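The block underneath contains the structure these notes are about, expressed in structure tokens.
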Amino acid sequence: MTRLAVPKTYKLYIGGKFPRSESGRTYEVVSSKGAFLANAAKASRKDARDAVVAARAAQAGWSSATGYNRGQVLYRIAELLEGRRAQFVEEIAAAEGVSAAAASRQIDAAIDVWVWYAGWADKYVQVAGNGNPVSGPYFNLSTPEPTGVVASIAPQGSSLLGLVSVIAPVILSGNTIVVIASEPYPLSAISLSEVLATSDVPGGVINILTGSAAEIAPWLASHADVNALDLTGAEALEWIDLQISAADTLKRVLAPVSGVPAATLDRIVAFTETKTVWHTKSLI
Amino acid sequence: MTISQPVTLAPAERAISMLGGDLTERALRLHLEGLSGVDAVGLEQRAADLGTRSIKTTSKAWALDRIIQLIDLTTLEGADTGGKVRSLVAKALTPDPSDPGTPRVAAVCVYGDMVPFAVDALASANAPHAVNIAAVATAFPSGRASLRVKLADTADAVAAGADEIDMVIDRGAFLSGRYGEVFDEIVAVKEACRREDGTYAHLKVILETGELNTYDNVRRASWLGILAGGDFIKTSTGKVAPAATLPVTLLMLEAVRDWHRLTGERIGVKPAGGIRTSKDAIKYLVTVAETVGEEWLTPQLFRFGASSLLNDVLLQRQKLTSGHYSGPDYVTVD
């Protein structure tokens with residue numbers, strides 16, 4: 001007797017929960033050879049709106065955790081990713097049409113990038129901050145602080161490495177993120193959210209939408225409660241228009257890059273604001 | 001509880017017309033306990049059905065503006081100050097400074113001793129009576145004080161310039177079956193709402209449905225409040241959970257509808273507490289329109305008691321006007 005397969009329902013990840021799209025829509029995800037793989041949720045503008053509300057609600061708590069604490073939470077996600085390696089290999093190999101070895105290399109790279117960024121959580125302030133020379137008996141200190149809620153478009157040509165390369169630098173400083181996953185390769189993004197849901201990262205810090213970036217991104221770009229727009233994977237979109245509507249609410253905007261962005265300190269600092277304080281040198 | 005001898009109640013006009021000239025506690029009890037029981041499943045099903053209507057585009061724009069016009073903008077905290085009441089009044093007069101076309105709310109709702117600050121704030125804005133001033137009275141929210149104190153509380157608020165009085169019923173007496181006591185108290189408070197010139201401040205009777213336990217009790221209390229002379233019946237103080245729910249409000253609207261059919265007189269309804277989103281508020285509008293009719297959707301006959309609802313409505317309104325989502329940075333922090 002043949003056993004009836006039990007396929008997985010791929011849903012969105014918003015506020016630590018896995019809702020279907022509010023619109024009820026799905027789209028077919030196919031392999032590189034055109035074979036059907038799964039139905040993924042096709043997020044609507046209202047899902048994006050809900051995700052921003054969840055991200056905003058989580059932001060105060062996440063940014064008030066110590067950098068050390070955030071780093072530990074990120075390390076733990078890397079540990080859990082290791083444990084799910086087999087599932088990711090299977091998904092990436094099927095979706096991108098690469099060999100198991102190549103898929104495995106992508107996961108290695110993704111975990112390494114994640115760990116690299118995790119290390120910065122309690123260090124970026126010291127490196128990017130400054131003591132400024134001023135005339136007068138004052139200490140003058142500038143430190144980077146998280147900007148708030150960031151909307152990101154993940155690189156379209158990569159399942160996992162591209163996604164983690166945009167998520168990690170945003171959240172480590174205390175931002176929360178609403179990220180639109182790669183439209184052709186969304187399955188690893190939802191598997192990543194299953195990892196996140198069982199880790200220590202609070203619900204709402206990372207929100208993952210699957211579906212059409214061209215449809216959702218304009219709503220996030222013009223949303224008044226989003227503080228920054230990361231257009232990394234928006235190369236193929238009308239991203240100048242996105243920049244223009246983001247300018248209405250003075251968002252920070254990071255321009256698109258080709259392929260997977262390199263891991264740099266600049267990506268972390270791009271989503272921070274500089275706070276400068278004057279403090280008296282009173283005890284001299 | 002049996003009544004050994006007929007206790008005569010205060011001669012309230014409506015009760016006399018409904019129950020006959022010989023107004024006794026026994027007659028009131030027979031009337032209230034003779035009301036048919038509430039079909040709880042049917043009520044909740046009906047309320048849930050009414051909550052599924054889709055209100056979009058121009059209807060939504062109309063609904064949002066109407067919701068604002070129906071709001072009693074409320075602050076009822078122990079930490080209320082004159083300054084807080086002044087800023088509440090400013091917000092009531094100009095809910096959204098970025099859009100002067102935004103309608104004003106119906107009233108501000110404050111504690112009795114805060115009424116002078118509200119009067120003063122309206123006068124200094126050159127807008128006396130642009131919005132009503134509602135004061136909670138009768139030892140709000142518990143209602144646990146002597147009648148003398150409750151009447152003085154009411155009279156003070158009216159003398160200070162309150163246009164509307166929100167009184168609480170004595171839930172202890174109601175639940176013990178002493179309907180006559182509750183009735184007499186409402187009649188007495190109504191009389192305390194009388195101003196020197198012979199006009200009356202509007203009286204809203206708070207049933208505190210969250211403490212009445214059953215739908216049957218809510219129906220009885222609604223009739224009791226109407227018979228004793230309330231201009232409005234109001235669900236809750238907002239200090240007890242559950243506060244306003246859609247089924248309870250539907251049930252009170254049905255009592256108001258039945259009263260209107262019997263007498264032609266229109267009584268107001270005010271759900272209060274727990275209504276925080278435009279989406280919820282629109283469900284209430286639908287319920288009102290479908291139960292008592294659209295003519296009830298005026299500030300004279302329907303109100304929302306709310307504090308955070310207004311900001312959510314303003315955000316939705318900004319979204320409709322501008323075409324993009326707004327955020328909490330674009331409305332006031334209360």
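Values as computed for the structure displayed
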{"quantity": "Restricting region B:87-133 to residues that are farther than 20 Å from B:D312 by Cα, outside any helix (DSSP H, G or I) and of a type in the set (G, A, S), the residue that is modelled with the lowest pLDDT", "calculated": "B:A127"}
{"quantity": "Matching residues in region A:193-221 - criterion: being away from chain B (no Cβ under 14 Å), closer than 13 Å to A:A154 by Cβ and aliphatic (A, V, I, L, M)", "calculated": "A:I206, A:I208, A:L209, A:A213"}
{"quantity": "Residues being touching an Asp or Glu at 6+ places or on another chain (Cβ under 6 Å) and of a type in the set (S, T, N, Q) - total across region B:202-230", "calculated": "0"}
{"quantity": "Unique residue being part of a loop (DSSP other than H, G, I, E, B) and within 17 Å of A:T198 (Cα to Cα) when the list is A:P7, A:P19", "calculated": "A:P19"}
{"quantity": "Test for A:V253: is it more than 14 Å from chain B (Cβ to nearest Cβ), farther than 20 Å from A:G157 by Cα, surrounded by fewer than 22 Cβ atoms within 10 Å (Cβ to Cβ) and of a type in the set (A, V, I, L, M)", "calculated": "yes"}
{"quantity": "Residue in region A:21-41 that is closer than 29 Å to A:D200 by Cβ and without any contact (Cβ under 8 Å) to a residue 40 or more places away in the chain present", "calculated": "yes"}
{"quantity": "Failed item, numbered, when B:G210 is tested on (1) closer than 30 Å to B:G21 by Cβ; (2) touching a Pro at 6+ places or on another chain (Cβ under 8 Å); (3) surrounded by fewer than 23 Cβ atoms within 10 Å (Cβ to Cβ)", "calculated": "(1)"}
{"quantity": "Within region A:29-61, considering residues that are in a strand (DSSP E or B) and within 20 Å of A:E194 (Cα to Cα), the one nearest to the other protein chains (Cβ to nearest Cβ)", "calculated": "A:A41"}
{"quantity": "Subset of region A:18-45 (residues that are among the basic types (K, R) and surrounded by 14 or more Cβ atoms within 10 Å (Cβ to Cβ))", "calculated": "A:R20, A:R25, A:K42, A:R45"}
{"quantity": "Enumeration of residues in region B:269-282 that are under 17 Å from the mean Cα position of the chain (by Cα) and surrounded by fewer than 21 Cβ atoms within 10 Å (Cβ to Cβ)", "calculated": "B:G274, B:R276, B:D280"}
{"quantity": "Residue in region B:135-148 that is assigned to a helix (DSSP H, G or I), surrounded by 13 or more Cβ atoms within 10 Å (Cβ to Cβ) and not acidic (D, E) present", "calculated": "yes"}
{"quantity": "Candidates A:I14, A:I107, A:I92, filtered to the one that is among the β-branched types (V, I, T) and closer than 30 Å to A:V127 by Cβ", "calculated": "A:I107"}
{"quantity": "In region A:104-146, residue surrounded by the fewest Cβ atoms within 10 Å (Cβ to Cβ) [restricted to those that are among the polar types (S, T, N, Q) and within 15 Å of A:G67 (Cα to Cα)]", "calculated": "A:Q126"}
{"quantity": "Filtered residues of region A:222-236 (kept if crowded, with 19+ Cβ neighbours inside 10 Å and away from every other protein chain (no Cβ under 14 Å))", "calculated": "A:D230, A:L231, A:T232, A:G233, A:A234"}
{"quantity": "From the options A:A40, A:A35, A:A54, residue that is of a type outside the set (D, E), modelled with pLDDT of 95 or more and farther than 19 Å from A:S191 by Cα", "calculated": "A:A54"}
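The values are calculated or read from the model by the stated rules, or taken from the named source; none is laboratory data. The shown structure was predicted, so the numbers you read here are calculated from the model rather than taken from an experiment. Note that we place each Cβ from the backbone using ideal geometry, even for glycine, and neighbour counts take in every protein chain shown.
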